Amino acid sequence: MKLKLFMAVLLGCFLLLGTAHAQKIRIATEGAYPPFNMKNTKGELVGFDVDIARALCDQMKADCEIVAQDWDGIIPGLLAKKYDAIIASMSITAERMKKVDFTDRYYSNYLRFIAKKGSGLEVTKSGLKGKKLGAQRATISAQHLEDNFRKTANVKVYDTQEAAFLDLKAGRLDAVLADAYPGYDWLKKPENGGYDHVGDTIDINDKIGIAIRKGDKALKADFNKALKALRDNGTYGRINANYFPFSIY
Amino acid sequence: MDFELLTQYGDRFWDGTLISLKLVLMSSILGLLIALPMALARSSHHRRYWIPAYSYIYFFRGTPLLIQLFIIYYGLGQFEAITNSFLWPVLSDAEWCGLIGMTLNTAAYTAEILRGGIRAVPRGEIEAAKAYGMSWWLLQRRIVLPRALRIAWPAYGNEVILLLKGSALVSTIAVWDLMGETRSIFSRTYALEIFVYAAIIYFLLTFLLTRVFNQIEKRINRYLVSY
């Protein structure tokens with residue numbers, strides 16, 4: 001009897017968990033990538049990605065929970081079903097496409113080097129020969145450096161973007177390669193006035209999308225429909241304007 | 001298992017392994033050199049010797065290696081007095097910072113291991129040496145330290161293996177050690193077997209170190225079983 005009761009309660013728990021899961025969309029972001037996703041002084045997740053995630057959920061009339069997850073483990077966490085989508089400024093790459101599926105883009109990214117003002121750095125393979133170049137590990141920037149400069153320059157990768165900038169300011173790096181918009185955001189801060197972009201933007205056809213598990217076709221379709229609606233009804237433009245005076249779509 | 005990954009990224013695994021091994025060998029040798037006088041100071045009855053040694057050991061055993069590395073690498077770089085000093089060429093280099101952190105850390109543990117060895121040297125041998133009229137310095141050099149090192153050797157081998165595994169932490173200060181390479185390869189492939197390969201390499205290194213230490217132990221302690 002006791003065992004039966006126990007089993008019934010256990011079953012009830014599973015059913016509850018199951019239904020709660022079905023109604024809720026859990027979205028992961030990193031929380032260390034200003035101004036796209038970061039934590040404010042109260043520890044709440046804020047930023048462009050978070051605003052887009054909330055707007056998408058409102059549009060889809062879905063109940064969403066946004067959680068923070070370290071960048072290194074963000075795709076493994078999705079595959080392990082800890083959450084259902086990643087809205088964390090993730091570039092759509094062929095390597096990631098092997099593991100996960102992506103929605104349409106919600107913005108486009110470019111890379112750009114940042115160095116001390118007046119450094120006279122020439123952003124070419126020969127100009128950067130033997131220079132110390134940094135980027136955040138597991139990003140498109142880091143892969144761009146590893147693929148193009150590993151043999152000729154001294155490439156260093158950091159666990160966070162902030163650590164790479166810290167080493168630029170400490171003088172350990174000649175230049176940091178970073179995504180253009182977070183770099184723009186960093187340069188805007190008064191304490192970083194001594195630094196500037198060098199060279200042109202590097203267009204590597206980098207599109208930012210929402211990552212979901214392969215086979216989650218319904219979720220993908222919902223996200224794409226909601227994204228289009230946000231673009232059409234002006235919500236996207238309003239969120240964009242809160243962060244950048246130019247369109248990043 | 002995708003063995004293509006191993007051929008594709010084999011040279012990066014190899015580069016990382018060499019750096020890890022280099023850091024462990026250099027820091028364990030330098031650490032031992034620092035630990036020898038420190039263990040003597042720690043065993044001393046004079047306050048001016050044992051208190052500094054004790055404080056050093058207490059600090060480095062009481063805080064995580066990760067924090068020590070962060071303080072040395074990111075912390076020191078914040079002070080202009082240091083970035084402008086003659087030390088900066090060394091301290092601006094991530095590998096040097098890793099080596100310094102690992103050396104200071106292992107020196108503390110090794111000093112404590114050696115102290116155990118020093119205390120275990122049979123009193124009779126020390127008394128015999130004194131009876132011969134050996135000075136303190138000669139006594140340490142000829143009797144106490146050689147004996148202590150032989151007694152502490154197996155425990156010291158253990159410390160070097162822990163050091164090898166602790167060396168994975170230098171990847172957090174932008175060193176391309178085995179762990180650093182592994183994490184970067186994983187970040188582009190998302191193939192979990194990358195970590196399995198890294199684990200196998202660490203295992204092989206540990207196995208190699210164990211063998212080396214066993215051989216040396218057999219050699220330096222053979223007088224114990226020779227008659």
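Points to keep in mind about this one:
- Against the conditions (1) of a type in the set (Phe, Trp, Tyr); (2) open to solvent by 70 Å² or more (accessible area, probe 1.4 Å); (3) within 14 Å of chain A (Cβ to nearest Cβ), B:TYR49 satisfies every one except (3).
- Residue within region B:134-146 that is within 13 Å of the chain's Cα centre (by Cα) and surrounded by 14 or more Cβ atoms within 10 Å (Cβ to Cβ) present: no
- From the options B:TYR197, B:TYR190, residue that is at positive phi, open to solvent by less than 30 Å² (accessible area, probe 1.4 Å) and not acidic (Asp, Glu): B:TYR190
- In region B:185-213, of all residues being outside any helix (DSSP H, G or I) and among the hydrophobic types (A, V, I, L, M, F, W, C), the one that is farthest from the chain's Cα centre (by Cα) corresponds to B:ALA191.
- Some residue of region B:154-161 being touching a residue at least 60 places away in the same chain (Cβ under 8 Å), aromatic (Phe, Trp, Tyr), open to solvent by 10 Å² or more (accessible area, probe 1.4 Å) and at negative phi: yes
- Restricted to region A:11-98, the set of strands (runs of 3 or more DSSP E) holding at least 3 residues that are within 12 Å of the chain's Cα centre (by Cα) and modelled with pLDDT of 90 or more comprises A:85-91.
- Among the numbered conditions (1) within 30 Å of B:LEU87 (Cα to Cα); (2) of a type outside the set (Ser, Thr, Tyr); (3) within 14 Å of another protein chain (Cβ to nearest Cβ), the only one that A:VAL198 does not meet is (3).
- B:LEU6 vs. criteria open to solvent by 40 Å² or more (accessible area, probe 1.4 Å) and within 14 Å of another protein chain (Cβ to nearest Cβ): no
- Count - residues of region A:185-225 that are in contact with a helix residue (DSSP H, G or I) (Cβ under 7 Å, 6 or more places away or on another chain) and either among the charged types (D, E, K, R) or free of Cβ contacts under 8 Å to residues at least 60 places away in the same chain (or both): 5
- Flag for B:PRO64 being surrounded by fewer than 13 Cβ atoms within 10 Å (Cβ to Cβ) and free of Cβ contacts under 8 Å to residues at least 24 places away in the same chain: yes
- When B:GLY124, B:GLY166, B:GLY157 are screened for being touching a Phe, Trp or Tyr at 6+ places or on another chain (Cβ under 7 Å) and either assigned to a helix (DSSP H, G or I) or within 14 Å of chain A (Cβ to nearest Cβ) (or both), only B:GLY157 passes.
- Qualifying positions in region B:9-32 - under 8 Å from the mean Cα position of the chain (by Cα) and either open to solvent by less than 40 Å² (accessible area, probe 1.4 Å) or among the charged types (D, E, K, R) (or both): B:VAL24, B:SER27, B:SER28, B:GLY31, B:LEU32
- Subset of region A:148-191 (residues that are crowded, with 23+ Cβ neighbours inside 10 Å, of a type in the set (A, V, I, L, M, F, W, C) and more than 13 Å from every other protein chain (Cβ to nearest Cβ)): A:ALA175, A:LEU177, A:ALA178
- Selected residue [of a type in the set (Lys, Arg), over 14 Å from A:ILE27 (Cα atoms) and more than 14 Å from chain B (Cβ to nearest Cβ)] from A:ARG105, A:ARG54, A:ARG96: A:ARG105
- Per-region count, region A:94-147, residues on the phi > 0 side of the Ramachandran plot and either surrounded by 16 or more Cβ atoms within 10 Å (Cβ to Cβ) or not assigned by TED's automatic domain parsing to the domain that holds A:LEU168 (or both): 1
- Test: residue in region A:110-129 that is among the charged types (D, E, K, R), farther than 29 Å from A:LYS151 by Cα and within 14 Å of chain B (Cβ to nearest Cβ): no
- Listed conditions (1) out of contact with any helix residue (DSSP H, G or I) (no Cβ under 9 Å at 6 or more places or on another chain); (2) at pLDDT 95 or above; (3) open to solvent by 80 Å² or more (accessible area, probe 1.4 Å); (4) not hydrophobic (A, V, I, L, M, F, W, C) are all met by B:TYR58, apart from (1).
- Of all residue pairs spaced 6 or more apart or on separate chains, those with beta-carbon atoms under 8 Å, a first member in region B:185-203 that is more than 10 Å from chain A (Cβ to nearest Cβ) and a second member that is of a type in the set (A, V, I, L, M) and outside any helix (DSSP H, G or I) are B:GLU193/B:MET1; B:VAL196/B:MET1.
- Residue check, B:VAL212 within 25 Å of B:LEU25 (Cα to Cα) and open to solvent by 40 Å² or more (accessible area, probe 1.4 Å): yes
- Subset of region B:171-184 (residues that are at the interface with another protein chain (Cβ under 10 Å from one of its Cβ atoms) and either part of a loop (DSSP other than H, G, I, E, B) or in contact with a His (Cβ under 9 Å, 6 or more places away or on another chain) (or both)): B:ALA174, B:VAL175, B:TRP176
- A:PHE244 surrounded by fewer than 18 Cβ atoms within 10 Å (Cβ to Cβ) and either touching a helix residue (DSSP H, G or I) at 6+ places or on another chain (Cβ under 9 Å) or under 25 Å from A:ALA138 (Cα atoms) (or both): yes
The values are calculated or read from the model by the stated rules, or taken from the named source; none is laboratory data. Not measured: the values here are computed from a predicted model. Ideal geometry is used to build each Cβ from the backbone, glycine not excepted, and the neighbour counts take in all protein chains shown. Areas reflect the complete protein model, heavy atoms only, side chains present, ligands, DNA and RNA absent. Shrake-Rupley method; radii C 1.70, N 1.55, O 1.52, S 1.80 Å.
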